[in-house]
Every structure is written in C-alpha cells, then in structure tokens.
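Everything below concerns the one structure shown next.
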Number of protein chains: 2
Amino acid sequence: MPHGSRLGPHPAGIGACTRRLIGYETRDPAGAPGRIHESDFMSDLRFDVLTIGNAIVDILARIEDDLLAREGVAKGMMRLVDGAQSAALYDRIGPAIEASGGSAANTAAGVASLGLRAAYFGKVADDALGRIYRHDIRAQGVHYETAALVGGAPTATSIILISPDGERTMNTHLGACHALSPDDIDEDVVAGSAVTYVEGYLWDPPLAKDACRKAFALAHASGRKTAITLSDSFCVDRYRGEFLDLMRSGTVDIVFANDSELKALYETSDRASAIEALRADCAIGIVTLGAEGAVALRGTETAPAPAFPIDRIEDLTGAGDQFAAGFLAGLARDLPLAEAVRLGCLCGTEVIGHVGPRPATSLKDLAAQTGFRL
Amino acid sequence: MPHGSRLGPHPAGIGACTRRLIGYETRDPAGAPGRIHESDFMSDLRFDVLTIGNAIVDILARIEDDLLAREGVAKGMMRLVDGAQSAALYDRIGPAIEASGGSAANTAAGVASLGLRAAYFGKVADDALGRIYRHDIRAQGVHYETAALVGGAPTATSIILISPDGERTMNTHLGACHALSPDDIDEDVVAGSAVTYVEGYLWDPPLAKDACRKAFALAHASGRKTAITLSDSFCVDRYRGEFLDLMRSGTVDIVFANDSELKALYETSDRASAIEALRADCAIGIVTLGAEGAVALRGTETAPAPAFPIDRIEDLTGAGDQFAAGFLAGLARDLPLAEAVRLGCLCGTEVIGHVGPRPATSLKDLAAQTGFRL
C-alpha cells in the first residue's frame, strides 16, 4: 500500500517525514515499541499537530522595568501565583488588554494560521473568560473539545508585564488548569495527529503530566511522533530530571528549548557543550536564540537559520510558541530541516511585532510572501 | 478674590478658559442660568473633565469587508444588538482581543493619559468583564465609582469588526448599561468638574438621557460647562430633534461631530452649510474630518488644524474619542483654539496606530514631544 494513502491529504506530512528526519534507523528501539515501524492499524491522519497545554487568558500590560524590581520577579520568567497574589498584582498595574494565550495553544493557533490542521487539549472553566478562550481557538480553526470545568476554579489568567524592550514577564494563576487530567486525552485525536506537542509548564499542575505521558504513549503506539518545549528556565529547574528522562527514554522525539532553558537543562553556561548534549539526548533538538536565530540538531546534522529583521520589538509574548508552530509545520510539509527552522523564525518574528501571543495576520500568507511553499 | 484661587492647581482650567473661549459675552443668557456668571458658591475644581457614557468591553476582531455585506451592516456605524444576536455574530468571526472601551470612557482615559484630572460615570455588571473594566479605567488614573449592577444583565460588550483599511464597525450589546439612571449621577463630582461631557449613545438606554440632563443642570448650576459628542450618524438620525434641542436651549455648550454626524444632524450633504448651522447652534462646535484634520467654531472664529501624518491606520476605534480628549485638555489648559484642535488631532492619531480604543503610550509624553506645553 502506498504510504501516502494512509496519511490523508498531506502525504508528505510529519507522519512520513519525521520518520526519516528523525533518523530512527540509527536509534535503539528498545523500550519504545512502535517507534520504528508504524502500525499497520494506525488511524487516518486527521491533524498535523496536536498540542496540549495550560489554557490561559493573557492580561497584557506595559510596564516600566522598576515594577519588576518592586515585585521581586525575574524579568523574562514565568512565575506561578495564587488567586490573591494575582488580584493584588492586578491592582498595581496599569490598563491592560486581554487575549487568549497559553504556550501550546498559541502554537496550535500558529499551525492553523499556517493552513495546517491543528488540535488542542487544555482546560478552561465554564465562565466568561473560558467562553472567550473557546471562541478564539476555534475561530482560528483549531479543533478544541476539552470539557470546561464546572463549579471549580476560574479560567486561568496570566498577567503579562511587557517591558519597554518587549521582554515579557508572566504571572500565571493556573485556576481551572489544575483540573486537566488523563481523562481529557481524546485517544482518537492523539492517534490521528502526526505529532503530539506538549509544554513543559504542564509539569506544574498535579495531573497534567500524567495526561502528557498517556498522550505520548498513545502517540507512539499509533506510530506518531512526540514533542515537548521546555517552556522556561525556572520550569527546567523544577523538572530537570523528569525532562531528561523523557528525552533519554525516547518518550519525546523532538525537544524545543531557548538558550536559557538549554543551559538550565544541562546546568552549564556553555552553549556549545549544551547543544552537543541535546543532540545526543533526542532525535531532533531545536534551540531558539532570539536575535541570533535558531538551530536544529538531528543526529550529526546541524541546521541553523538567522532571525528575520524587525523594525521594533513590541512584545515578545508568543515568540517561542510561534517559532514552534512554524518549525512543526515545516516538518509536516517535509521542508529541509534548515528551512523548517527558517519558517519557525519567520512565524516568531510576526508575533513580536504586535501585542499579543498569537498571529495578527495570516501566517500562511506571510509564509507564501516570503517564498515558502507549504 | 483672585479667580485662580477657586480653580485649584490649574487656574487656567476650563472653568476659566471656556468662559472666554465660548464668548458668553456675546450670547443671550436667557434660559441658561449660571452660564454667564460662575456661582459664588461653586465647589472647588476636582476634575478637568467628567465624562458619562455606556461602559463597554470591546471585542476587537479583524475582518474582510465581505463579512459586513453578509451581515447586512453598514461599514463604520454602530448598531445595537441583543444578547442572542451578539452571540451569533461572535460565532461567525475570527479570534479577537478584548479591551475596555466605551466612547466617553475612552475620552476620560485619554484626558488622564494627558496628565489631566478625569472622572467617569458608566454602568458595568458585577462580573468578570466588569472587574476588568473597573481595573482598566482606574489604572489609567480616572476617578470611577459608579456602582456595578448586581443580579441583572452582564457587562456590555461591543463586537468591533476592523476592516483592512482600519475602519471599524461596532455591534453593541448594551447589557448592564441599560441600568444607568439619574441615581448614578454623583452630584459632587459634577459640581467639581470643569466640564461634563456625554456621548450621544446615551440616548439609547431608557434612563441614561435623564441622567445626562440631570448632570447638565447640575454642571450649569455650578458654573461649569457641558459638552456632547453626537457619536454616530445613525444615532443622530434616532435623536436629531433632541440633540438640536439640547444645543439650541443652551443645555450643551460644546458639541463634537464628525463629518457624517454633522451632515446627518442638519440633513444635508453640504458640509459648508452644516458647519455654519452648527456655529449658530452652540457656543463651541468641533467637526472632525479624518485625514482632513478638524475645525473648531466659536462665534465668528474658525480654528482649523490639519491631521498628523501616519504610516498606517491599524484601527480607527477610539479616534474620535481621543480627539475629544485632546481638545478638551487643550481647553482646560487654555490653549489657543486652533492648538486645542491640533492637540485633539495628535491624540486621535496615536490611537489609530494600534488596535484598541485607548492610548497605548503616554499622551502626556507624546504631547510634550510634539511641542505642546500642558
């Protein structure tokens, strides 16, 4: 049977391409059943990318950096706050705007904006912000059916403080995200998604990591690929051992990190050695480097791409998320590795030119104008 | 007693300047008690500008113009929708962002951003969007104490459709705004505000016009000034007679209109004749003309100012509101009339360069950089 016939309308999708890109032939399949040979009974490919994450409404406010000092919060990080802390901080900041966010959800929105098929799992409450959240992700064309939490905590919010240089510092109240559990993993969607991508932030709520492990196992059992973003250097500090175990056990195939997360993971200030460690620990590693662009690693292959020029950085919120969207879309469309990195850089550039974590324009049109053929 | 001693820290504020700017000496005081001579018992000036309006959270989404045709809605207008219509429209639009809005509230935010003292009356519900609304306007430095509606309709929303050319079309569900009544008029705030400015949209909810009339009477009884924006040409069509009566009876001193509202008011397509009619009907008339700038009329004086250049119009939402903020601030600071118009144009220009109806930067800093001394 020709391979493409099982892959739906995109025969060169991730299901096909990453098997080659990741170079399974060179890796030990022990302990990772189904990673070499796709199942003969795998479901039809319904989605190019499934993402799982904390479903969060962003409250975006511009600040001066001295507020961060007064709040005692490290610039650029994500910190968790409870409801009272969130309310108190809200009282101390200026006017804000609200936009649906959440790292992995932003990536799903980016994948859909690129014209590919995306799905998302994440937990909101049955409240006003939850309804806004559901609208926004569905209106972007993302498949989203996770049941809303009724009678519990409110929809999660993150107060995102945008510094004059565009760097963002996040204060997240997880609220309803605490209720995400393995029960929220729709097995058919996982089995029908070429890659399942999760955010490292999911190791914070109590049951979400179990949901991720369930999804990873289902994905591999269906001959699909798995991916994770390390999310935040402090998150890496909290879960370093678990993240390395996911990588070294082959539970995740594709790993995204930025420079600080990479260095935190390997507890080193030396980027070069950390990159080589990442190369050894996963099938595909991707390191984003801000103005220096990004680089993907696959076996002995090293695929860098430069950043796109930008007049002014308005808001870095979502930059990494949209990079991931572009890179995963590039894999799904069987682009050369360096071109997938370059597409990631393009998508990341779009989102830092305006306030908010998701594309303000069609990434599909932007990619076409930039010469990508998706 | 020197005049300034009654006017607080801004002796050249509206209370002083508009008496001269409006040129009362040339107008008939009959039927407008207190409009010539400020009361000897007037309260201390606490606010430069008080605004009253529908308190609305904007839901801002980019669209293609064909959506307007499918929805059967005239581009650039505001139409009222009920809850079911709002929900149905929301289902048909793409991802959005949320931002506090409401025409007169946007003006209050602009006045505060310019560094002047602003107050606002407007009705939200005791719900999540109402709390966001309250935060945003207070965080901008606006005095806002209107009691939230409990157990009734939700906080008002307006689905604002932004066309590729930046024009916005608004679909407003008034919700809790229907509950604004004369009881919400804080008499001390009115008496302590140099000018009370209301939006014509307030003639839509049942009791809000009574609240406006109460505020106008209190303002004049305290020797203060009154102002109205005509809001929207369809709004003018609904309330033409009442608006003209407010003007011709001297109930309002200062009237803001854009070109289409002005023409609707006088049921003419001839701008020049409409401008002369406006000049005759109010103490100060101001007509905004988009890319042609704006012009203020005071007796025989005509004070035009050109628009400021702008690279790209992102979103016209709030342009008229911020023009009003700049113009009123200019009056309050005793600027020459043409300079007040020019400051209005500057503030309007800031807000059309980004999505959202309120300033994204400090208008005070922007005005200073542009050479205004406020």
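Of the helices (runs of 4 or more DSSP H) lying entirely inside the stretch B:314-374, those containing at least 3 residues that are without any contact (Cβ under 8 Å) to a residue 60 or more places away in the chain and surrounded by fewer than 24 Cβ atoms within 10 Å (Cβ to Cβ) are B:337-352, B:363-369. Screening residue A:151 with (1) of a type in the set (Gly, Ala, Ser); (2) out of contact with any helix residue (DSSP H, G or I) (no Cβ under 7 Å at 6 or more places or on another chain); (3) closer than 30 Å to residue A:291 by Cα gives one miss only, at (3). On the stretch given as the stretch B:78-131, residues that are closer than 21 Å to residue A:92 by Cα, surrounded by fewer than 24 Cβ atoms within 10 Å (Cβ to Cβ) and among the hydrophobic types (A, V, I, L, M, F, W, C) total 1. Residues that are over 16 Å from residue A:221 (Cα atoms), in a loop (DSSP other than H, G, I, E, B) and modelled with pLDDT under 95: does the stretch A:31-43 have at least one? No: zero hits. Has the stretch B:46-53 got at least one residue that is crowded, with 16+ Cβ neighbours inside 10 Å, away from every other protein chain (no Cβ under 14 Å), on the phi < 0 side of the Ramachandran plot and out of contact with any strand residue (DSSP E or B) (no Cβ under 8 Å at 6 or more places or on another chain)? Checked against the condition, which is being crowded, with 16+ Cβ neighbours inside 10 Å, away from every other protein chain (no Cβ under 14 Å), on the phi < 0 side of the Ramachandran plot and out of contact with any strand residue (DSSP E or B) (no Cβ under 8 Å at 6 or more places or on another chain), the stretch B:46-53 yields no hits at all. Taking the stretch B:131-157 as the range and being among the hydrophobic types (A, V, I, L, M, F, W, C) and facing another protein chain (nearest Cβ under 9 Å) as the test, the residues that pass are B:132, B:137, B:139. Of the strands (runs of 3 or more DSSP E) contained entirely in the stretch B:186-300, not one carries at least 2 residues that are hydroxyl-bearing (Ser, Thr, Tyr), surrounded by fewer than 19 Cβ atoms within 10 Å (Cβ to Cβ) and within 16 Å of the chain's Cα centre (by Cα).
Can you spot a residue in the stretch B:165-173 that is modelled with pLDDT of 95 or more and within 12 Å of another protein chain (Cβ to nearest Cβ)? Don't jump to the end; show me each part of the working.
Kept after step one, since they are modelled with pLDDT of 95 or more, are these residues of the stretch B:165-173: B:165-173.
This time we only want the ones that are within 12 Å of another protein chain (Cβ to nearest Cβ), so: none.
Looking through the stretch B:165-173, none of the residues is modelled with pLDDT of 95 or more and within 12 Å of another protein chain (Cβ to nearest Cβ).
Take the stretch A:44-71 and flag every residue that is in a strand (DSSP E or B) and either basic (Lys, Arg) or modelled with pLDDT under 95 (or both). Can you show your working first?
First, pick out the residues of the stretch A:44-71 that are in a strand (DSSP E or B): A:47-52, A:56-62.
Of everything in the stretch A:44-71, just one residue is in a strand (DSSP E or B) and either basic (Lys, Arg) or modelled with pLDDT under 95 (or both), namely A:62.
The values are calculated or read from the model by the stated rules, or taken from the named source; none is laboratory data. Just so it is clear, the model here is predicted, and its values are computed rather than measured. Glycine gets a Cβ as well: all are built from the backbone with ideal geometry, and neighbour counts include every protein chain shown.
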